[in-house]
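Working notes, beginning with the structure itself.
None of the figures in this text is laboratory data; all of them are computed from the coordinates on show. What you are looking at is a predicted structure, and each value in this text was computed from that prediction instead of being measured. In this analysis, Cβ positions are derived from the backbone assuming ideal geometry, glycine residues included, and neighbour counts consider all displayed protein chains.
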Amino acid sequence: MPALSANLTINSDRLWDSLMEMAKIGPGIAGGCNRQTLTDEDAEGRELFQKWCEDAGMTMGVDTMGNMFMTRAGTDPDALPIYVGSHLDTQPTGGKYDGVLGVLGALEAVRTMNDMDIKTKHPIVVVNWTNEEGARFAPAMLASGVFAGVLDQDYAYDRTDLDGKRFGDELVRIGWKGEEEVGARKMHAYYELHIEQGPILEAEGKDIGVVTHCQGLWWLEFTLTGKEAHTGSTPMPLRVNAGLATARIMEMVQEVAMKNAPDAVGGVGQMKFSPNSRNVLPGTVVFTVDIRSPNQDKLDDMRAEIEKRAAEICAEIGVGCSVEAVGHFDPVTFTPELVANVRNAAERLGYSHMNLVSGAGHDACWAAKVAPATMVMCPCVDGLSHNEAEEISQDWAKAGTDVLLHAVLESAQI
Ligand code: HGY
Ligand code: MN
Ligand code: MN
Ligand code: MN
């Protein structure tokens, strides 16, 4: 296999133009994106991505979860493909790069292979995973989880959004329910380029994160049952206040996370009061606790402590308390051989780099269940993501995609 040369780099302007073009689909109200999964905007983004890939000579396959697989043929059709991808769906107030850089960076790597007439032994498959974000249909990483055999397709199809629409019905409505059996595809290796979504690379002045691990997580959905009553005429001692219990549990989650930091985080991002009327004490409060750590024992101990203390808080106030784990994966160790390909690529290309543990979860976490897998990360401004102000530099996008190209070619054998 001819050695990879340091002057083999991507077309940075072409990548940046594609990112800006995709960002116009499902624009947010503050410069970011709102291209939630299985919306008409998602369908429009899929169609544009399909066109770009077919213009690059790739052929499309779609599975029963709507995962898109765009193939560039290799010289050995029997060789298992190298999969490279991420997600095009966004949070409701998402940025232009979360997920999208990984999908369009993979496409740019293929476009560069075409420009340089590079032939690979293994086929290359660029992936757009359905519903990575899990904002409209929880949980996140849903379709890659079904692909990896960790989540059940019927469970996924029955997930509903706030309007009661079913995932399975919306997938059919937008015309992206494919024929391929989900999970039937076998991967020789999986690579994912992603913005860090945290502050470390920028603070350390590094261009590239060589991602060795991803922290594990629990999403714990609490349902607290109080007594609906008038907020004005109900004396304080007579209240069975689920809202108060919720506040105390949130404070306790903060305390548990701070006690276990820096390699642990915890918080609440989603909550629903019922009946959610300003002068009615809530009958029920449903909220999801998100806790994460790269340390397996710490992650599970935090879960146990939070569930125990939440029950105690509710008992003290007289509020009913039930909890269900609605999302989970153990800390992920990525494949050392692929991690080395990423590190060697950064070295060869002269990019500063450091080992990194991913704070956010990614489709790569499920891909790692079924194939050798790893990630490449680039910085983002102020470490900000899941915010319309999410920003990266064109140079960071180029660095990440150059490294992705080289790492993939190491595995694909040119
Ligand atoms: O939740 C996550 O870490 C990812 O953004 N879905
Ligand atoms: Mn993402
Ligand atoms: Mn995200
Ligand atoms: Mn576990």
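Summary table below
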read-out: Range in the chain, longest, excluding exposed GluC sites (Glu not before Pro) [loop by DSSP; at most 12 other beta-carbon atoms within 10 Å]; value: 182-414
read-out: Debye, to nearest 20: dipole size of the chain, +1 on Lys, Arg Cβ, -1 on Asp, Glu Cβ; value: 500 debye
read-out: Restraint check, 298/369; 186/206; 186/298, Cα-Cα greater than 27 Å; value: 186/206; 186/298
read-out: Under the span-like rule (Cα at least 15 Å along the axis, Kyte-Doolittle mean at least 0.5), DSSP H helices of the chain; value: 100-115
read-out: Kirkwood Rh and Cα Rg combined as Rg over Rh, evaluated for the stretch 216-329; value: 1.02
read-out: Unmatched cysteines, the chain - criterion: no other Cβ of a Cys under 4.7 angstrom; value: 33, 53, 214, 365, 378, 380
read-out: Fewest-first sequence of 144, 385, 12 by Cβ atoms within 10 Å of each Cβ; value: 12, 385, 144
read-out: The stretch 216-329: relative contact order in percent, alpha carbon pairs under 8 Å with at least 6 residues between; value: 46 percent
read-out: Those residues of the stretch 375-414 whose amide nitrogen sits under 14 Å from the label point placed on residue 78, 7 Å along Cα→Cβ; value: none
read-out: Partner lysines for residue 51 [C-alpha distance under 20 Å; skip if fewer than 8 residues away on the same chain]; value: 24, 96, 177
read-out: Net charge, residue 31 excluded, C-beta distance under 12 Å - Lys, Arg +1, Asp, Glu -1; value: -1
read-out: Charge tally in the Cβ shell below 12 Å around residue 113, where Lys, Arg are +1 and Asp, Glu are -1, residue 113 excluded; value: 0
read-out: Cβ-based net charge around residue 282, under 15 Å, with every Lys or Arg adding one and every Asp or Glu removing one; value: +4
read-out: Net charge dipole size for the stretch 216-329 [Lys, Arg +1 and Asp, Glu -1 on Cβ; Debye, nearest 20]; value: 420 debye
read-out: Residues of type aspartates and glutamates that residue 121 reaches as a straight line, Cα spacing below 14 Å, ignoring anything fewer than 8 places off in the same chain; value: 76, 78, 410
read-out: The chain: relative contact order in percent, alpha carbon pairs under 8 Å with at least 6 residues between; value: 24 percent
read-out: Dipole-positive endmost among 7, 283, 403 within the chain (Cβ charges, Cα centre); value: 283
read-out: Kirkwood Rh, Cα atoms: Rg over Rh of the chain; value: 1.01
read-out: The stretch 128-272 - charge dipole about Cα centre, Lys and Arg +1 at Cβ, Asp and Glu -1, debye rounded to 20; value: 560 debye
